[in-house]
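Each remark here refers to the structure printed beneath this line.
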Amino acid sequence: MSPTLRQFALTVSLAALLGLLSGCMTATEGGQRNEVKVDEAVATRVAAGMKYLQMGNPSEARRHFSRALSLNDDSAQAHNAMALLYNYERDSKQEEHHYRKALSADRDYAPALNNYGTLLFSQGRYDEALEKFKRAANDPKYEGRASAFNNMGATYKALGEMDRAREAYIRSLRLSPGNSQLLLELARLYYQDGRASLGWDYYRDYERRVRPQSAEALWVGIRLAADLGKRDQQASYELALQNLYPESREYRLWRAWRAGQEGDE
C-alpha cells in the first residue's frame, strides 16, 4: 500500500459497522419460540468482535463474527467485519471473499465499499478501487465519507490525475477539517503544480496545528518558502530539519537540492 493511503485508511467506523439491518425473524431456542431481532443480535456480536480485534485478540473476534454470520449469513455488516479480521491476519484472499459477500448482500453497503477499495488499492488495482471509493463517498448517510474522499484522492494521485486528486482531498477536508495530514498533502500537491501561494496557505495552516513538524513536512515547507522568497521561514525550516532529522531521507534530499541551487548561482 502506498504511504499516502496508509495514512488515511483503513479507518474502521464502529458507528457505520453497527448500523442496524432492518427486519426481524422468529427463531427457536431451548424448545421455546422467542422473537429474536436478528439485526440487533448481529450488531451486538459485531460490536463485541470489533472490540476484541482492536485489542489484538483475533480469536475472540472470530468467535463473535462467526456467531453473527450464523445468525444471518446474508449480513453485509457481519461479512464486512469478518473481512476486517482477515485484513488483520493479512489473508487478502479471504478478506476479498468476505467483501464480495458483503456487497452481494447489499451492493451499496458503504463501509464494505470503502474497505474493499483499500484492499484493491494495496494490490495496484486502482480503477477498481476508485469505483468503490466513489460509491462510498457519494453515500450521504455514510459516516466515513471523509475517509472515502481521502482514498479517492490517493487513488487519483496514483493514476496521475492530480487535479482530481486535489478536488477529492478538498472535499475530504471539508468533511474532516481537523485532518492535518490533508493540509500537508494539499500543500505538496499545489507546490508540485507550480501554485506555491495556494500551497503555502495550506502549509501554514498545517504548521499552526502540528508541532514539531515531521521531516516530510519541513521539506515541503522549505521548498514552498524558497519559491515564494520567504528566506527567514526557509532558514528556520532548514535549521529544524538539520537538527531534528539529520538521518532522514528528506535531509538527504535537501542537501542535494541545496547543492544544485548553489551550483546554479
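Restricting to the range 201-254, give me the number of residues that are closer than 17 Å to A187 by Cα and among the polar types (S, T, N, Q).
Final tally of qualifying residues: 4.
Going by what's in this entry, would R33 be described as open to solvent by 20 Å² or more (accessible area, probe 1.4 Å), modelled with pLDDT of 50 or more and either part of a loop (DSSP other than H, G, I, E, B) or of a type outside the set (A, V, I, L, M, F, W, C) (or both)?
Working: open to solvent by 20 Å² or more (accessible area, probe 1.4 Å): yes; modelled with pLDDT of 50 or more: no; either part of a loop (DSSP other than H, G, I, E, B) or of a type outside the set (A, V, I, L, M, F, W, C) (or both): yes.
So R33 does not fit the description; no.
So the check is Cβ under 7 Å with 6+ separation or different chains; which pairs have a first residue in the range 139-154 that's farther than 11 Å from A110 by Cα and at pLDDT 95 or above and a second one that's of a type in the set (K, R) and buried (at least 24 other Cβ atoms within 10 Å of the Cβ)?
Taking only residues 6 or more apart or on different chains, not a single pair turns up.
Being open to solvent by 30 Å² or more (accessible area, probe 1.4 Å) and more than 24 Å from the chain's Cα centre (by Cα), is that true of even one residue in the range 209-225?
Yes.
The values are calculated or read from the model by the stated rules, or taken from the named source; none is laboratory data. Since this is a predicted model, take the numbers as computed values, not measurements. Don't worry about glycine lacking a Cβ; one is built from the backbone with ideal geometry, like all the others, and counts go over all protein chains shown. Heads up: the accessible areas ignore ligands, DNA and RNA and are worked out on the full protein's heavy atoms, side chains in. Shrake-Rupley method; radii C 1.70, N 1.55, O 1.52, S 1.80 Å.
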